[in-house]
Amino acid sequence: MSHTNQPEYFTINSVCPHTGDVTSLGIFENMRAVSYRLQRMYSTCGDEYRVECHHLSTAESECEAYTEQTVNRAKYRREEKEKEEKVKYYDEVLKEADSELDDKEVELPDIKAAYKTVGVA
């Protein structure tokens, strides 16, 4: 993905087939330089190389990203605190409602009085 305002730099990394260790072989300004460097290298069967693209970052862009992240974290903390307070309040209201129901004596209707049992003749 190209950034219009940041230059791209390419790296060649060699991966050891036995240990998986990665060694950086250089930083290049474009793919043409990468291809010439790959042509110069002595390679054998099974050698693994990775070409990676990086964008040069400036202090201003990193400062802006850091500030945005700090604001988002503070907003998240504030929202989480509000949510926890609401949940705590809701739990207290439920406890009060449950205790009020426990205090009241609930009477079930007498359904036998409303209906007569008819015997089979």
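The values are calculated or read from the model by the stated rules, or taken from the named source; none is laboratory data. Please read all numbers here as calculations on a predicted model, not as lab measurements. Neighbour counts run over all protein chains shown; Cβ positions are idealised from the backbone, glycine included.
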- Within the range 1-38, restricting to residues that are within 30 Å of residue 61 (Cα to Cα) and of a type in the set (Ser, Thr, Tyr), the one that is nearest to the chain's Cα centre (by Cα) is 2
- Query: Looking at 36, 42, which is the one that is outside any strand (DSSP E or B), among the aromatic types (Phe, Trp, Tyr), out of contact with any Phe, Trp or Tyr (no Cβ under 7 Å at 6 or more places or on another chain) and at pLDDT below 90?
  - Reply: 42
- Query: Taking the range 39-53 only, how many residues are under 37 Å from the mean Cα position of the chain (by Cα) and under 12 Å from residue 12 (Cβ atoms)?
  - Reply: 7
- Message: With at pLDDT 90 or above, of a type in the set (Ser, Thr, Tyr) and over 30 Å from residue 19 (Cβ atoms) as the only criterion, which of 76, 49, 115 stands out?
- Response: 76
- Message: Checking the structure you have, find out if any residue of the range 58-74 is aromatic (Phe, Trp, Tyr) and under 24 Å from residue 7 (Cβ atoms).
- Response: yes
